[in-house]
Amino acid sequence: MGVFEAIVVFAGSWWLIFLPILSAGTRSQHEADSVLPGTERAAPEKIAWMPKLLIPTVGAAAITFLVWLALYFGWLEFMIPRG
């Protein structure tokens with residue numbers, strides 16, 4: 001796997017992990033009973049950005065490493081038809 005392929009695998013897996021995590025653990029202003037005037041009641045009260053950026057980065061690095069490992073050692077060679 002080349003550098004470009006590694007970047008594509010990393011970016012794709014980063015987004016696939018980030019999007020479901022984005023809404024996890026957030027409380028709306030309505031749930032916190034602190035609705036600011038002029039804002040939507042369902043708007044988040046506070047977003048913890050550091051874990052929401054760190055978890056996908058570590059996960060995407062692990063997935064990229066596992067894909068590289070599988071390709072390097074040929075663990076997926078059985079899926080290629082021989083003609």
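The values are calculated or read from the model by the stated rules, or taken from the named source; none is laboratory data. Because the structure is a prediction, the values reported are computed rather than measured. Every residue, glycine as well, gets a Cβ built from its backbone with ideal geometry; the counts of neighbours run over all protein chains shown. Ligands, DNA and RNA are excluded from the accessible area calculation, which covers all protein heavy atoms including side chains. Shrake-Rupley method; radii C 1.70, N 1.55, O 1.52, S 1.80 Å.
Residues that are in a helix (DSSP H, G or I) and open to solvent by less than 90 Å² (accessible area, probe 1.4 Å) are absent from the stretch 33-50 altogether.
Quick check: anything in the stretch 7-16 assigned to a helix (DSSP H, G or I), among the polar types (S, T, N, Q), open to solvent by less than 40 Å² (accessible area, probe 1.4 Å) and touching a residue at least 40 places away in the same chain (Cβ under 8 Å)? So that I can check it myself, show each step before the final result.
Narrowing the stretch 7-16 to residues assigned to a helix (DSSP H, G or I): 7-16.
Now narrow it down to the ones that are among the polar types (S, T, N, Q): 13.
Those still in the list that are open to solvent by less than 40 Å² (accessible area, probe 1.4 Å) too: 13.
Of the ones still in play, those that are also touching a residue at least 40 places away in the same chain (Cβ under 8 Å) are 13.
Within the stretch 7-16, one or more residues are assigned to a helix (DSSP H, G or I), among the polar types (S, T, N, Q), open to solvent by less than 40 Å² (accessible area, probe 1.4 Å) and touching a residue at least 40 places away in the same chain (Cβ under 8 Å).
If you go through the stretch 74-83 one residue at a time, do you hit one that is among the acidic types (D, E), outside any helix (DSSP H, G or I) and exposed (fewer than 13 other Cβ atoms within 10 Å of the Cβ)? No, the stretch 74-83 contains no residue that is among the acidic types (D, E), outside any helix (DSSP H, G or I) and exposed (fewer than 13 other Cβ atoms within 10 Å of the Cβ).
P56: open to solvent by less than 90 Å² (accessible area, probe 1.4 Å) and either in a helix (DSSP H, G or I) or free of Cβ contacts under 8 Å to residues at least 12 places away in the same chain (or both), yes or no? Judged against the criteria, P56 is a match.
Does L53 fit the bill of being under 29 Å from M1 (Cα atoms) and aliphatic (A, V, I, L, M)?
Working: under 29 Å from M1 (Cα atoms): yes; aliphatic (A, V, I, L, M): yes.
Considered against the rule, which asks whether it is under 29 Å from M1 (Cα atoms) and aliphatic (A, V, I, L, M), L53 comes out as yes.
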